[in-house]
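Any read-out appearing in this document is the output of simple, stated calculations on the displayed coordinates, not a laboratory observation. Please read these numbers as outputs of a predicted model, since none were measured by experiment. With ideal geometry, Cβ positions are generated from the backbone for all residues, glycine too; neighbour counts draw on all protein chains shown.
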Amino acid sequence: MRIIDTHLHIWNKEEFSLPWLDGEGEVLNRTYSLEDYKNALEPDKGYEVEAAVYVEVDCARRDKEKENLFIAGCCANPGQLFAGACISGYLNEEGFKGYIDKYASEYVKGVRQVLHVPEALPGTCLGQLFVENVRYLGKKGLVFEGCVRNAELGDLYETAKACPDTTIWELWTRILFPFRRLQRKNSSIRNAGY
């Protein structure tokens, strides 16, 4: 069976600053290359990863553009595994539309904003500008991936209701029970996925 890995992270600690790795053990706090990923695949398991979607790695703000250019280059190289990318973006900031227009290409499939970090106040995804920018992603045919605290899954639900023409994914959840309840609640919203 041939599959597409729709959520792949790689990072080079020599190229990008990743503050979230501070204090992490050696399993995470190291460089993970595309070769590491390929070497971890088990060819005898009955599947072959034929392509992957790179998902931004929440690098320091000063490295965001470098990360975007890195992955655009990877996607443009026909010998690479990457067929697309979900890049980072700050939907709660003025200028987001110009930012995403700058990076629009056949390879950019969506935008992710990590909202479970201290600098993102609770309720960030409910702000008027944020919601307007999520709607803008939908108009451009792009996905929004939100990484929220468990207590804010309901906020992401409200954002999804306010943006019916934008596909919204939430892939970062630490506590299964409240998540499953919200997942059942969200099953009535066609544009929300988990």
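A simple charge model with +1 on the Cβ of Lys and Arg, -1 on the Cβ of Asp and Glu and nothing else charged puts the dipole of the chain at about 820 debye relative to its Cα centre. Label-to-label distance, Ile4 versus Glu48, with points set 7 angstrom from Cα along the beta-carbon direction: 1.7 nm. Note on Lys97: lysines with a C-alpha under 23 Å away, same-chain residues under 8 apart excluded, are Lys64, Lys66, Lys109, Lys139, Lys140, Lys161. Here the Karplus relation 6.51 cos²θ - 1.76 cosθ + 1.60, evaluated at θ = phi - 60°, turns the backbone of the stretch 8-16 into coupling constants of 10, 10, 9, 7, 10, 5, 7, 9, 10 Hz, with x for every Gly and Pro. Our coupling estimate for the stretch 151-167, obtained by passing each phi through the Karplus curve with A = 6.51, B = -1.76, C = 1.60 and θ = phi - 60°, is 5, 10, 4, x, 5, 5, 4, 5, 5, 4, 4, 7, 10, x, 9, 10, 6 Hz, Gly and Pro reported as x. Shape class of the stretch 1-88 from the Cα gyration tensor (axes a ≥ b ≥ c, square roots of the eigenvalues): oblate, since a/c reaches 1.5 or more and a/b does not exceed b/c. With the charge dipole of the stretch 1-152 set up from +1 on Lys and Arg Cβ and -1 on Asp and Glu Cβ about the Cα centre, the Cα lying farthest toward the positive end among the listed residues Gln128, Leu34, Leu21 is that of Gln128. Our coupling estimate for the stretch 66-71, obtained by passing each phi through the Karplus curve with A = 6.51, B = -1.76, C = 1.60 and θ = phi - 60°, is 4, 5, 4, 5, 4, 6 Hz, Gly and Pro reported as x. For Val55, nonlocal amide neighbours, meaning residues 5 or more places apart or on other chains whose placed amide H falls under 5 Å from its own, are Leu8, His9, Ile10, Cys86. The distance from the alpha carbon centre of the stretch 82-151 to that of the stretch 1-77 is 19 Å, rounded to a whole number.
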